[in-house]
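This report refers to the structure that appears directly beneath it.
The values are calculated or read from the model by the stated rules, or taken from the named source; none is laboratory data. Just so we're clear, the structure is a prediction, and the values are computed from it rather than from any experiment. With ideal geometry, Cβ positions are generated from the backbone for all residues, glycine too; neighbour counts draw on all protein chains shown.
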Amino acid sequence: MKHFTFILFAILCHINIFSQKDTITFESYQIPTDSFINNSMGEHFVQDGVTFNNTFSVSNGFESWGGFSVSNQTDSITAGFGNQYSSRTAKGYESENYLVSFSSAYILLPADSKLVEAKITNNTYAYQSMANGDAFAKKFGGATGDDPDFLSVTAKGYLSGVIQDSVTVYLADFRFEDNAEDFILKDWATVGFSEWGVVDSIHFSYESSDVGAFGINTPTYFCMDNVVVEKDNSTPTVQVVSESSDFKVFPNPVQDFLYIESSLNKSFSAAVFTMQGQMVWQNNSLMGVANIEVNRFEEGIYVLVLESESSRWVEKVLVK
């Protein structure tokens, strides 16, 4: 294993890694002052290849929507559903535009991308409901301020349908022993996602202490801005460490089985690594024709290292 690790280190020295961070501020949307966009055509919002979902419909004169809308509304005071598109901060983070999220929201990322961080705060409707109560939801803390109320939104990152990590943000928390520590978020807070690694989608869900027969009573909204995405624009140029015609590897790209043909009359070793250097498969006693069942692997680029006493072969393999 030490020998394979040394070989992979030599390979990775020939891989050019270039990561580009983009900050999405939503200022490219040209909307009138103190207004919003909530797509009426069922289209999602797409910025720099990142998709922010939106659903919108009108039935019997009643609007129904979910996901994200773009807003620059500035009313941080007026309570009620009629002010659902305003941020409690009265503007975006160091800009005019920002996102308002309601109900079931998700983000889709381009391939080989990471969500680094985002700014999150309350919208005015949710803030005023928690601060003062309304016809549908209670005042957080209750009459005495001692009720252990909270509203949180959890972001879960997925890759190929498998959850990779999650982070929970408390939009309000009244569970402290000292009531002076209770809070309802009213400023932009930075939420970090950099430890997640590569994900292809982020899904948001809510929890609240105020729950009724039909679910959460508290308005399930939050605002988001300055979404930072790191795109891995790696251009691997994996080089053969020593030329050899002793091996053939096919097919590439591959979905199910990767085949290795050796013209050697002796055994050879094979190992598969991720681009981060983690070994995911190894066999030290192969001969003739062998295969690797790659459908167990997640989609992506891997490095295959083959070695015998006299030959060495390195190849980048794309698993689809």
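If A143 meets every condition in (1) more than 26 Å from the chain's Cα centre (by Cα); (2) closer than 17 Å to V211 by Cα apart from one, which number is that one?
(2)
Only residues that are in contact with a strand residue (DSSP E or B) (Cβ under 9 Å, 6 or more places away or on another chain) and either not in a loop (DSSP other than H, G, I, E, B) or not assigned by TED's automatic domain parsing to the domain that holds S76 (or both): list them for region 129-140, please.
M130, A131
Yes/no per residue for (1) in a strand (DSSP E or B); (2) touching a residue at least 40 places away in the same chain (Cβ under 8 Å):
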| site | (1), (2) |
| --- | --- |
| P110 | no, yes |
| K114 | yes, yes |
| Y127 | no, yes |
| G142 | no, no |
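Return the residue satisfying two criteria in turn: it lies in region 81-103 and is among the hydroxyl-bearing types (S, T, Y) and touching a residue at least 40 places away in the same chain (Cβ under 8 Å), and of such residues it is farthest from T154 (Cα to Cα).
S95
Residue by residue, here is whether (1) modelled with pLDDT of 95 or more; (2) of a type in the set (V, I, T); (3) touching a Cys at 6+ places or on another chain (Cβ under 9 Å); (4) not assigned by TED's automatic domain parsing to the domain that holds S311 holds:
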| residue | (1), (2), (3), (4) |
| --- | --- |
| V162 | no, yes, no, yes |
| N179 | yes, no, no, yes |
| V191 | yes, yes, no, yes |
| V198 | no, yes, no, yes |
| S205 | yes, no, no, yes |
| C223 | yes, no, no, yes |
| V227 | yes, yes, no, yes |
| S242 | no, no, no, no |
| S263 | no, no, no, no |
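Do we have Y93 as crowded, with 18+ Cβ neighbours inside 10 Å, in contact with a strand residue (DSSP E or B) (Cβ under 6 Å, 6 or more places away or on another chain) and in a loop (DSSP other than H, G, I, E, B) here?
Taking the combined requirement at face value, the residue satisfies it.
Which of the residues that make up region 163-222 are in contact with a Leu (Cβ under 9 Å, 6 or more places away or on another chain), assigned to a strand (DSSP E or B) and polar (S, T, N, Q)?
Across region 163-222, the qualifying residues are S201, S208.
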